[in-house]
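**Q** I'd like to ask you about the structure that follows.
The values are calculated or read from the model by the stated rules, or taken from the named source; none is laboratory data. These figures come from a predicted structure and were not determined experimentally. Here the Cβ positions follow ideal geometry from the backbone for every residue, glycine too, while neighbour counts run over all protein chains shown. Note: areas computed on protein heavy atoms with side chains; ligands, DNA, RNA excluded. Shrake-Rupley method; radii C 1.70, N 1.55, O 1.52, S 1.80 Å.
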Amino acid sequence: MIDEKISQKYLKKIKLFQKYNKYYYDLNKPLVDDSEFDKLKLEIINFEKKYNFLNHKDSPSNSVGFKPSKIFKKIKHKTPMLSLNNAFSEEDLVNFEKKISNFLNNEPGLNIEYSAEPKIDGISASLLFKDGKFITGLSRGDGKEGEDITENLKTIKDIPHEIKLKSFPKEIDIRGEVFIQNSDFKDLRNKFANPRNAASGSLRQKDPKETQKIPLKFIAYTFGYEKGLEATSQEDYLKRLKEWGFKTNPLNNKIKTIKDLIKNYNEIEKKRDQIDFDIDGIVYKINDFSLQKRLGYVANAPRWAIAHKFSANSGISKIENIEIQIGRTGALTPVAKIKPVNIGGVVVSNATLHNEEEINRKDIRIGDTVLIERAGDVIPHVISVDLKLRNKNSKKFDFPKNCPSCGSETVKDFNLTTKKEDAVRRCSSEGYECEKMAIEKIKHFVSKEAFNIDGFGKKIVENFWNLNLIKFPHDIFKLDYVKIENLEGWGKQSVANLKYSINQKKKISFEKFIYALGIRHIGLENAKIISKNLKSLKNFIYLSKQNNFDNLINIDGIGETQINSIKNFFRNSTNLHVLTNLEKILTVKNAESQKTDGIFSDKTFMFTGKLSNMSRSEAKSLIEQNSGSIVSNVTKKLDYLIVGEKPTNRKIETAKNLKVKILDQSSWLKMLK
Ligand code: IVH
């Protein structure tokens, strides 16, 4: 009798465990937090220990190990999946077109046409087809490597498994968006917050049978790597996609002028609620592929495309307090804590005030009634103060002259480029000496573009910091997992996942490593440039050991500001301590040599004077495409000085003295045939 009661109690627990598992793994919607989940597991195991007649196939004691869940195999994209720069206004579009024209040297007769494509807010995917067969499907991931979600993608009806048409390229990564139509989302409303989450959750199901139950759609709009694609423009490519059996966006349009882009934008924005899928803007791409090729890429986005986001939403609220946040480079950012207000479906309770100057300029005070704007993914900000509603007793906001975190003096730097004092006030302490800066540095270190440690979010960094588990980036690789397992909210499974994610990142590219260090003025693009030029961490550290930074001077794109910042970084003993420790723990891969088989391989170039029919940026990009590099000083290391109209004579003289080859533009272009 008693045994039966125990069995019943045990079975009840097993049933609950099965339910939690189903919601966690299959529905991607945990019912309880990890600690609750682990508590139940422990109860079951202890029960079994106490009454050894108890057993069930679904008991946690029968599950094999604690394999990390929901982690798909990662595969490198042959061509990275880029993001898009954003435009919010007509002015942004005018600037976009101006930059393009300048890059293309304002060629007379330049006929810019755009492919305007409503930007579906779903999940992007890259589908590799070889010899007409769908082979692998990847998620975007961090843009460089994605997750292998082939089996799940295969369940989507819009994705053909085989294309037998002759016009289909030998190999191609077809790229597009996976999404759920609003009408289909209705039935899923109780499971997911919005259609995008529903698409993402369904795509990342462990079991493709679960994915199949969700009516996912796929619209194709671009491609990655290709061999044998015959298309000369985006319009042409979109047509072919249709021929091959892919769906394309029915609202795509070819447009010539900015005026018409705006007209189209307004029309589509008006129709937005009637369209059966969520769109958050319109993507404009230069239609002509040969122009796209010339324009190339900057950092993570193409020069030839931009996303025109739908207009901002705004709302009125009251500033309850102004708090100062300290960023990883010490910048003091004032944030208005506002009375929560719903703006375009999102509850907003914080709005950035940018910097001290902005507060002064707009005379923003605690207690003020303000107009708040929220545009796309941009942090909400204060547009204006309603002075009529201001309390008579309100006082001007006093910006702190000392860092609220460490008490150090706050300073405004002198900007070498603008020759003006910065608008931003900063904590003058060096990085890790200021608690708030140190925490932000670690958050940056684990962030998506840096080490990209899955599951190591901002909250965890703060939590681990407060528990003294991490004080420096290298502590991440020496975590006390036993201690973590006993923390509230953690359990065996989640600790195993974390450990797995961290261990995966012990091998890292040199470029990501430099970026992750969070050196001021060394963002993604500069980290990439340094990595490309210095090749290895050893060379980087060597700079400081020799206290000789000359190697940086010649790198095009790295200026005085960046070099001073790197010098400052190395001057600080804590930074050196962090660097030494990281070097011991990690394997920092040397920079992959760029394509070195180009005609300018190993050659350095410098320009002086104006080039004809070509902008400097295009010339630079041409050299780089052919494996050459640009330097910004005439030294012995320079191979060619290319002379345009009205050159700097001093440069030519120095080049002559150093026996550097001097070419005019046409001889240089002849080298390229
Ligand atoms: S082209 C290099 N075209 O927007 C070109 N992207 O921020 C990049 N998206 O992750 C992609 N509609 O998920 C392109 N017609 C369209 C698009 C589109 C939506 C998304 C895509 C990408 C993001 C870029």
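Results for (1) open to solvent by 10 Å² or more (accessible area, probe 1.4 Å); (2) part of a strand (DSSP E or B); (3) more than 14 Å from the ligand (Cβ to nearest atom); (4) touching a Phe, Trp or Tyr at 6+ places or on another chain (Cβ under 7 Å), shown as yes or no for each residue.
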{"position": "E267", "(1), (2), (3), (4)": "yes, no, yes, no"}
{"position": "D273", "(1), (2), (3), (4)": "yes, no, yes, no"}
{"position": "K293", "(1), (2), (3), (4)": "yes, no, no, no"}
{"position": "N321", "(1), (2), (3), (4)": "yes, yes, yes, no"}
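**Q** Output yes when any residue across segment 345-352 is among the hydroxyl-bearing types (S, T, Y) and open to solvent by less than 30 Å² (accessible area, probe 1.4 Å), and no when none is.
**A** At the first step, the residues of segment 345-352 found to be among the hydroxyl-bearing types (S, T, Y) are 349, 352.
Checking the rest, the ones that are also open to solvent by less than 30 Å² (accessible area, probe 1.4 Å) come to 352.
Looking through segment 345-352, at least one residue is among the hydroxyl-bearing types (S, T, Y) and open to solvent by less than 30 Å² (accessible area, probe 1.4 Å).
**Q** If you don't mind, there's one more thing I want to ask. Evaluate segment 480-498: report whether one residue or more is surrounded by 15 or more Cβ atoms within 10 Å (Cβ to Cβ), touching a Leu at 6+ places or on another chain (Cβ under 8 Å) and without any contact (Cβ under 8 Å) to a residue 12 or more places away in the chain.
**A** There is no residue in segment 480-498 that is surrounded by 15 or more Cβ atoms within 10 Å (Cβ to Cβ), touching a Leu at 6+ places or on another chain (Cβ under 8 Å) and without any contact (Cβ under 8 Å) to a residue 12 or more places away in the chain.
**Q** Within segment 75-96, how many residues are within 16 Å of the ligand (Cβ to nearest atom) and among the β-branched types (V, I, T)? Working first, answer last.
**A** Applying the first criterion (within 16 Å of the ligand (Cβ to nearest atom)) to segment 75-96 yields 77-88, 92, 96.
The next check asks that each one be among the β-branched types (V, I, T); those that pass are 79.
Summing the residues that are within 16 Å of the ligand (Cβ to nearest atom) and among the β-branched types (V, I, T) in segment 75-96 gives 1.
**Q** Identify, from the list S384, S314, the residue that is without any contact (Cβ under 8 Å) to a residue 60 or more places away in the chain and open to solvent by 30 Å² or more (accessible area, probe 1.4 Å).
**A** Values: S314 fails: without any contact (Cβ under 8 Å) to a residue 60 or more places away in the chain.
It is S384.
**Q** Any chance you could count how many residues in segment 460-479 are free of Cβ contacts under 8 Å to residues at least 24 places away in the same chain and in a loop (DSSP other than H, G, I, E, B)?
**A** Residues flagged as free of Cβ contacts under 8 Å to residues at least 24 places away in the same chain and in a loop (DSSP other than H, G, I, E, B) within segment 460-479 amount to 4.
**Q** In addition: Out of segment 130-162, which residues are surrounded by fewer than 20 Cβ atoms within 10 Å (Cβ to Cβ) and in contact with a helix residue (DSSP H, G or I) (Cβ under 6 Å, 6 or more places away or on another chain)?
**A** Result: T136, E151, T155.
**Q** Then there's this: Which pairs turn up if I take residues in segment 113-129 that are open to solvent by less than 30 Å² (accessible area, probe 1.4 Å) and look for partners that are basic (K, R) and near the ligand (Cβ under 9 Å from one of its atoms) with beta carbon separation below 6 Å, at least 6 apart in sequence or on another chain?
**A** S115/K285; S124/R140; S126/R175
**Q** Now for a different question. For residues in segment 280-291 being in contact with a Lys or Arg (Cβ under 8 Å, 6 or more places away or on another chain) and open to solvent by 10 Å² or more (accessible area, probe 1.4 Å), which is farthest from the ligand (Cβ to nearest atom)? Before the answer, list the steps.
**A** From segment 280-291, those in contact with a Lys or Arg (Cβ under 8 Å, 6 or more places away or on another chain) are 280-283, 287; that's our starting set.
This time we only want the ones that are open to solvent by 10 Å² or more (accessible area, probe 1.4 Å), so: 280, 283.
Details: D280: 8, V283: 4 Å.
Only one residue fits best here, namely D280.
**Q** Hey, another quick one. Can you confirm whether D148 is more than 12 Å from the ligand (Cβ to nearest atom), touching a residue at least 40 places away in the same chain (Cβ under 8 Å) and closer than 22 Å to N300 by Cα? Don't jump to the end; show me each part of the working.
**A** Numbers: more than 12 Å from the ligand (Cβ to nearest atom): yes; touching a residue at least 40 places away in the same chain (Cβ under 8 Å): yes; closer than 22 Å to N300 by Cα: yes.
So D148 passes the test.
**Q** Then there's this: Restricting to segment 633-657, name every residue that is closer than 22 Å to I599 by Cβ, within 39 Å of the chain's Cα centre (by Cα) and either part of a helix (DSSP H, G or I) or modelled with pLDDT under 90 (or both). If you could, list the steps in order and put the result at the bottom.
**A** Taking segment 633-657 and keeping what is closer than 22 Å to I599 by Cβ, we get 637-644, 655.
Those left that are additionally within 39 Å of the chain's Cα centre (by Cα): 637-644.
Once the filter is applied, which keeps residues that are closer than 22 Å to I599 by Cβ, within 39 Å of the chain's Cα centre (by Cα) and either part of a helix (DSSP H, G or I) or modelled with pLDDT under 90 (or both), segment 633-657 yields only K637.
**Q** Take S509 and tell me if it is in contact with a strand residue (DSSP E or B) (Cβ under 7 Å, 6 or more places away or on another chain) and modelled with pLDDT of 90 or more. Talk me through it step by step, then tell me what you get.
**A** Values: in contact with a strand residue (DSSP E or B) (Cβ under 7 Å, 6 or more places away or on another chain): yes; modelled with pLDDT of 90 or more: yes.
In short, yes.
**Q** Please go through segment 101-112 and pick out each residue that is closer than 30 Å to E145 by Cβ and either within 16 Å of the ligand (Cβ to nearest atom) or open to solvent by 20 Å² or more (accessible area, probe 1.4 Å) (or both).
**A** The initial filter retains those residues of segment 101-112 that are closer than 30 Å to E145 by Cβ, namely 103.
Listed by number, the list is empty, since nothing qualifies.
**Q** If you scan segment 252-265, which residues turn out to be among the hydrophobic types (A, V, I, L, M, F, W, C) and buried (at least 16 other Cβ atoms within 10 Å of the Cβ)?
**A** Here is the first cut: in segment 252-265, the residues among the hydrophobic types (A, V, I, L, M, F, W, C) are 255, 258, 261-262.
I255, I258, L261, listed by residue number.
**Q** Among the residues of segment 44-67, count how many are open to solvent by less than 50 Å² (accessible area, probe 1.4 Å) and either modelled with pLDDT of 75 or more or in contact with a Ser or Thr (Cβ under 8 Å, 6 or more places away or on another chain) (or both).
**A** 5
**Q** Something else about it: I'd like to verify a number: residues in segment 499-512 that are crowded, with 20+ Cβ neighbours inside 10 Å and among the polar types (S, T, N, Q), how many?
**A** Count: 0.
**Q** Just a yes or no: is a residue in segment 641-657 touching a residue at least 60 places away in the same chain (Cβ under 8 Å) and surrounded by fewer than 17 Cβ atoms within 10 Å (Cβ to Cβ)? Don't jump to the end; show me each part of the working.
**A** From segment 641-657, those touching a residue at least 60 places away in the same chain (Cβ under 8 Å) are none; that's our starting set.
No, the conditions are met nowhere in segment 641-657.
**Q** Could you tell me how many of the residues in segment 631-673 are among the small types (G, A, S) and over 18 Å from S612 (Cβ atoms)?
**A** Of the residues in that region, 2 qualify.
**Q** Looking at segment 527-537, can you tell me whether even one residue there is closer than 23 Å to S447 by Cα, open to solvent by 30 Å² or more (accessible area, probe 1.4 Å) and β-branched (V, I, T)?
**A** yes
**Q** Between residues in segment 161-177 that are without any contact (Cβ under 8 Å) to a residue 12 or more places away in the chain and more than 16 Å from the ligand (Cβ to nearest atom) and residues that are part of a loop (DSSP other than H, G, I, E, B) and not β-branched (V, I, T), which pairs lie under 8 Å by C-beta distance while being six or more apart or on different chains?
**A** Within 8 Å, no pair qualifies.
**Q** Identify all residues within segment 215-251 that are surrounded by fewer than 19 Cβ atoms within 10 Å (Cβ to Cβ), within 13 Å of the ligand (Cβ to nearest atom) and in a loop (DSSP other than H, G, I, E, B); write none if there are none.
**A** K247, T248, P250, L251
**Q** Scan segment 421-431 and give yes if some residue there is touching a helix residue (DSSP H, G or I) at 6+ places or on another chain (Cβ under 7 Å), closer than 17 Å to Q325 by Cβ and part of a helix (DSSP H, G or I), otherwise no.
**A** Within segment 421-431, one or more residues are touching a helix residue (DSSP H, G or I) at 6+ places or on another chain (Cβ under 7 Å), closer than 17 Å to Q325 by Cβ and part of a helix (DSSP H, G or I).
**Q** Ok, one more. Please verify whether segment 204-211 includes one or more residues that are closer than 25 Å to S83 by Cβ, outside any loop (DSSP other than H, G, I, E, B), within 16 Å of the ligand (Cβ to nearest atom) and out of contact with any Leu (no Cβ under 6 Å at 6 or more places or on another chain).
**A** Among the residues of segment 204-211, not one is closer than 25 Å to S83 by Cβ, outside any loop (DSSP other than H, G, I, E, B), within 16 Å of the ligand (Cβ to nearest atom) and out of contact with any Leu (no Cβ under 6 Å at 6 or more places or on another chain), which makes the answer no.
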